[in-house]
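Beneath this line is the structure, given in structure tokens, with notes to follow.
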Amino acid sequence: MTVQHDAIHPDGAHFAFTDRWGGVSAVPYAELNLGGAVGDEAAAVLANRDIAAKALGLDPSLVVWMNQVHGRAVAVVDGPWGEGAGGAADIPAVDAIVTARRGLALAVLTADCLPVLLADPVAGVAAAAHAGRPGLVAGVVPAAVEAMITLGAEPSRITARTGPAVCGRCYEVPAQLRAEVADAVPEAWSETSWGTPAVDVSAGVHAQLEALGVRDRQLSPVCTLESGDHFSYRRDRTTGRLAGYVWLDG
């Protein structure tokens, strides 16, 4: 398994993104599927989450997952939800989670959508957000930043890392849909490498962060649709989910 792990020192903010290798799931979820609602065996998902957490030096029981629904709802958390057997029945439908608890890891699942990880180590506040096209338009990332600010974070101190996602040169959409997205977030307007209408979710999210005053940002160069090392829903339909993790040293 290759886990992109970027630790910011000396402040102790950690950001990590997984690829698809090193887990126990069978085809079509091979191998490190971390999504519990895609049809994979629950035992395999739990094993994979354990593998990934331990590779990052995390306690698997102190990772908070979301029931993602492509909205803009945000939950402030101070511990895991207490779900059982890898299910999501007891997890609220949110697309961003925020915490002021150091040492608690927040996780976001993706397979083309943009995983957004945010941290203000000075305030001790971290957030994870799931930004697909609907979430971009709805403003899930600005909502997450607003929730961080209510807990004491300042945009000028927030570090943002966005992970592997379908790129703006591959995310083909109908012209009308591109126009609707661009009306809300002009920077998301794009064109595929073959000359058809497209949406660039990463560019849109980074523009939103810039407007909010978040200056310390890094963008993953990986396009999930193009990379065989990553899950892609647009490419494969039935497939696994990658994860992004953010946490602050205790």
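FYI, it's all coordinate maths here, none of it is from the lab. The shown structure was predicted, so the numbers you read here are calculated from the model rather than taken from an experiment. All Cβ positions, glycine included, derive from the backbone under ideal geometry; neighbour counts span all protein chains shown.
Using the Cβ atoms and a cut-off under 12 Å, what net charge is assigned to the surroundings of Val140, where Lys and Arg are +1 and Asp and Glu are -1?
Value of the local net charge: 0.
Please work out how much length the chain gains when fully extended from Leu46 to Glu191, using 0.36 nm per residue of separation minus the C-alpha to C-alpha distance, in nm with one decimal.
Between Leu46 and Glu191, full extension yields an extra 48.3 nm.
So what's the back-of-envelope 222 nm ellipticity for the chain, counting only DSSP H runs of four-plus at -39500 (n - 2.57) apiece and dividing by all residues, rounded to 500?
Roughly -6500 deg cm²/dmol at 222 nm, from the helical runs in the chain.
What does the charge add up to near Trp189, with Lys and Arg as +1, Asp and Glu as -1, over the other residues with Cβ less than 9 Å from its Cβ?
Net local charge, Trp189 excluded: -2.
Please report the spacing between the Cα centers of the range 199-220 and the range 224-238 in Å, no decimals.
When both Cα centres are located, 23 Å separates them.
What net charge do the residues around Val98 carry, taking every other residue with its C-beta under 11 Å from that of Val98, with Lys and Arg at +1 and Asp and Glu at -1?
My count for the surroundings of Val98 gives -2.
Mind ranking 110-123, 30-43, 11-24, 206-219 by how tightly packed they are, going by the mean number of other C-beta atoms within 10 angstrom, highest first?
110-123, 11-24, 30-43, 206-219
Asp11 to Ala73: FRET efficiency via 1/(1 + (r/R0)^6), r the Cβ-Cβ distance, R0 22 Å, to the nearest 0.05?
0.15
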